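Engineer: Below is a structure I'd like to ask you about.
Bear in mind these aren't lab numbers, they're just calculated from the coordinates by the rules spelled out. Just so you know, these numbers come straight off a predicted model, no measurement behind them. Positions of Cβ are generated from backbone atoms using ideal geometry, with glycine treated the same way; all protein chains shown enter the neighbour counts.
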Amino acid sequence: MNRTPAPVATAPVTDPRPARATRLALALAVLLAAVGTVLMVLRRDALPDPLAVHWGPEGADGFLSWSGATTMGAVLVLGIPLLLVGVSLLLDRSARHLLAGTAGGLAVVLAALTYGAFLGQQGSAEHAPSPGPALLVGSVLGLVVGLGLVRLGTPAPAPLPEHPAAPPADAPRLTVPEGTLLAWVGRLPRTGVLPLVLLVAGVAPTAYLAWTLEPYLWLVPAALGLLSGVLLSATVSVDRRGLLVRSLGVVTLVHVPLERVARADATTVRPLREFGGVGWRVAPDGTRALVMGSGPAVRTSRHGEPDLVVGVSDAERVAATLNTLVDRAVAAR
């Protein structure tokens, strides 16, 4: 059953950190493109012309002139992060730091891959070394930079109301005797066989191609597969700790303590239409979502933070349990 939650008043986001992270991501992309271009110019006489710009299982198989390769490097390192920053401006302010981190991290990866591959060439471009080492180093550095920008740009949570109110009267609740132990435990709904087949079909060829370039590069697609596995094995629980989603018993994906819950409602989610896909997503209005497929979900309105949508198999009971637990917490204060 769908419910339209009453709007919950939240403080406007005036925290400067998301904007600061965006500016740093842009500055980093500009700096990397500029430094890379300068290095290409300084080493022009030492580099082959044309340069290898693409590698396959048999080695270098795509070539561009020095000027074309230099232009391509600058466009990739600067253009793609700039596009991501532009897209972030369409999002709610509370979510812009996520794309800022992605833009900054990707700028590092692209700079290491392109300029690392180009500047290491000498002699004939046909015998140019694989860009595998540059890609591996760039991926590690990009991950560190991206996570750092996300952390730097994460807005501080709005302060809790001094006297938080119980969920509105129309919010779903359980009718149980006072003192009854309340808890709910389940899993994120399965995505079905087809998405799993597509996941394997996408990761396996990528891992094989990476292995043919450099044996250790299979770690990159393997890490993506592991991340997908973490999401697919997540457990959802509702108890006195609030709403908690954990994977493998140790990785916390979502935690909404009871004092943050304004109300919870059952809904039906269509991930592609509402959030652009499955997994951990952010809607343009700032709503966060952890969904692995279409179906029932619980929407939690939070004090001072955007709404959160989590896919659950028994959304009505989860929402009612959460609201009832909040009632008890408010009464106990």
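Engineer: Any idea how far apart residue 151 and residue 163 come out in nm if each label point goes 7 Å out from Cα toward Cβ?
Structural biologist: 4.0
Engineer: Another question about this same structure. What FRET efficiency comes out for the pair residue 241/residue 285, r = Cβ-Cβ distance, R0 = 30 Å, nearest 0.05?
Structural biologist: So, using R0 = 30 Å, E works out to roughly 0.65.
Engineer: Between residue 252 and residue 31, what is the FRET efficiency for a Förster distance of 56 Å, r being their Cβ-Cβ separation, to the nearest 0.05?
Structural biologist: Given R0 = 56 Å and the Cβ-Cβ separation, E is 0.95.
Engineer: Please give the length that would be gained between residue 89 and residue 45 if that part of the chain were fully extended, namely 0.36 nm times their separation in residues minus their C-alpha to C-alpha distance (nm, one decimal).
Structural biologist: Extending this stretch completely gives an extra 11.7 nm.
Engineer: Based on the Cα gyration tensor of segment 106-161, what are the three equivalent ellipsoid semi-axes, each the root of five times an eigenvalue, rounded to whole Å and given largest first?
Structural biologist: 39, 8, 5
Engineer: Set the Förster radius R0 to 45 Å, insert the Cβ-Cβ distance between residue 174 and residue 126 as r into 1/(1 + (r/R0)^6), and round the FRET efficiency to 0.05.
Structural biologist: For R0 = 45 Å, the calculated efficiency reads 0.05.
Engineer: So, one more: Grab the eigenvalues of the alpha-carbon gyration tensor for segment 17-153, scale each by 5, take roots, and send me the semi-axes largest first in whole angstrom.
Structural biologist: Output for segment 17-153: semi-axes of 31, 14, 12 Å.
Engineer: Moving on to the next point. Rounded to whole Hz and in sequence order, give me ³J(HN,Hα) for segment 321-333 from the Karplus expression 6.51 cos²θ - 1.76 cosθ + 1.60, θ = phi - 60°, writing x for Gly and Pro.
Structural biologist: 5, 5, 4, 5, 5, 5, 3, 5, 5, 5, 5, 7, 6
Engineer: Also, I was wondering about something else. Residues in segment 295-331, backbone N under 16 Å from the label point at residue 273 (7 Å along the Cα-to-beta-carbon vector): list them, ranges by number please.
Structural biologist: Answer for segment 295-331: 295-297.
Engineer: Going by amide H atoms built from the backbone, whose H comes under 5 Å of the H on residue 60, apart from near neighbours?
Structural biologist: Answer set, sorted by chain and number: 128.
Engineer: Within 10 Å, count the other beta carbons around each residue, average over each peptide in 102-110, 25-33, and list them highest first.
Structural biologist: Highest to lowest by the protection proxy: 102-110, 25-33.
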